[in-house]
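Computed from the coordinates by the stated procedures, all read-outs in this text should not be read as laboratory data. Remember, it's a predicted structure, so these values are computed and weren't measured experimentally. All Cβ positions, even for glycine, are placed from backbone atoms using ideal geometry, and neighbour counts span all protein chains on display.
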Amino acid sequence: MQVEVETLTIELSTVPSDDRPVFITGNFCKWLPDLEEYRMTMVSPGHYRYQFQDDADLPDPIEYKYTRGGWNQVELDRAGRPYANRFIKAGETLIRDSVIRWQTDLLAKSDVSPIIETVSEHFEIAQFSKTRRVRVLLPHEYYDNPDQRFPVLYMTDGQNLFGEGSEYGNWEIDQSLAKLARIGRAGVIVVALDHGEEDRIQELSPYDNPKLGKGHGAKFLQFIAGPLKTHIDAKYRTKTDRLNTGIGGSSVGGLLAAYAALMFPQTFGKFLVFSPALWISEKVYFDAIHFFEPFETRIYLYAGGKEGAHMIPNVNKLKETLETQSFGYSRVKIKSSVDAKGEHEEKQWSKEFPKAFEWLFFE
């Protein structure tokens, strides 16, 4: 049904810091997102107006949306999803809308690398009477969308994860996150905790070992789940619930992440477990027998074929134990990945990281 509208004016308020033009599109123009004749007039920064011609034949109802010049730059809702179609019924003459967020044209944005910030060079760990450097990698759009909140992934061995890396190698997660951002799959805050150098194994291992000494991993997890998480949630726009909080690491850090799945399910819901040092203690399998998590949980297990004769069998044993204990609970998802040629090194974990990251947070 076609109706004749005497005068229809649409006024829009939105973020003033975005200087891209605003277009209105809908069923009156075949949903073309950037027609010049439907470009809105900027009245003042952040305020726009469009007036249809008096004799325009418009559908009833009118369906429409706003764009910044293309479907890759469409209006978004508060949660970051494309906004549902808007409607105008016949007879209405003045519409006032607001848009709080816009999709960024990633093809036009030259740099989508994560924003790296130092939380503290000397963050106090009361459990050990020590301090540690803590850094974050924020999504590239973090400061563009002041209303958006993000999941968080806590990762150990921060020295080896990005930038220059360390003498042991580099995961290059900053480069992986930039590539994932191009397909809209990097919207997670990564918190990188440096390890304790010569104290690394004792700090990260949750189990005692006759040769390695006492393990303090449970205390380290108490620090992450307590003071550190409290600080990160207060300083940054995080999604604080367990399903949006993950922890990950490799080797002894992988063992720590696996232990977190068993003992800290109230805090963490996603686990990145690479090449876990399960050889440190058989007790991990007994703890796994008591694994029970009725809430949604995701665990990504990785093992390489050149990490010793026991790595793949140990990881398979852990996976089978966890699956047996969570049988019947479809909310618990465990994915394993094996590379027959994979070695125990940062280069290999760098290769595996984007696969695990995408599955944990975006699949």
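A few points about this structure:
- Summing charges over neighbours of Glu307, with a neighbour being any other residue whose Cβ is under 12 Å away from its Cβ, gives -1 when K and R count +1 and D and E count -1.
- Estimated from the Cβ-Cβ distance and a Förster radius of 30 angstrom, the FRET efficiency linking Asp19 and Lys351 is about 0.15.
- Options Leu138, Val190, Leu212, ranked by Cα towards positive dipole end of the chain, top entry (Cβ charges): Leu212
- Counting only DSSP beta bridges with both residues in the chain, the antiparallel share comes to about 50 percent.
- A simple charge model with +1 on the Cβ of Lys and Arg, -1 on the Cβ of Asp and Glu and nothing else charged puts the dipole of segment 2-102 at about 620 debye relative to its Cα centre.
- Among the listed pairs Lys219/Lys306; Lys211/Lys283; Lys130/Lys219; Lys283/Lys317, those whose Cα-Cα separation exceeds 20 Å are Lys219/Lys306.
- Think of each Lys and Arg Cβ as +1 and each Asp and Glu Cβ as -1; about the Cα centre, that makes the dipole of the chain roughly 1160 debye.
- Segment 123-193: GluC sites (Glu not before Pro) in DSSP loop, at most 10 other beta carbons within 10 Å: Glu164, Glu167
- Annotation: amide H of Leu58 within the under-5 Å range of Val3, Val5, sequence separation 5 or more or interchain, hydrogens built in the peptide plane.
- Listed by chain and number, the aspartates and glutamates placed with their C-alpha closer than 20 angstrom to that of Lys89 are Glu4, Glu6, Glu11, Asp54, Asp55, Asp57, Asp60, Glu63, Asp97; residues fewer than eight positions away on the same chain are left out.
- 5 angstrom amide H check on Asp157, placed H, neighbours 5+ away: Leu193, His195
- Lysines with Cα under 19 Å of Lys239, excluding same-chain neighbours fewer than 8 positions away: Lys229, Lys270
- Label corresponding to Cα Rg over 2.2 N^0.38 Å when calculated from the structure given, among (1) 0.96; (2) 1.23; (3) 1.03: (2)
- Residue with peak Gaussian network fluctuation, the chain [Cα springs, cutoff 10 Å], from Phe292, Phe128, Phe264: Phe128
- For segment 141-172, chymotrypsin sites (Phe, Trp or Tyr not before Pro) meeting the loop criterion (DSSP other than H, G, I, E, B) and having at most 13 other Cβ atoms within 10 Å: Tyr143, Tyr168.
- All aspartates and glutamates inside 20 Å of Lys351 as judged from Cα atoms, apart from same-chain residues fewer than 8 positions distant: Asp157, Glu164, Glu167, Glu172, Asp174, Glu307, Asp339, Glu343, Glu363
- Highest-MSF residue in the chain out of Gly187, Gly163, Gly91 [GNM, Cα springs under 10 Å]: Gly91
- Spatial separation of Cα centroids for segment 302-362 and segment 142-174, in angstrom: 21 Å
- Restricting the GluC sites (Glu not before Pro) of segment 287-358 to loop positions (DSSP other than H, G, I, E, B) with no more than 15 neighbouring Cβ atoms within 10 Å leaves Glu296.
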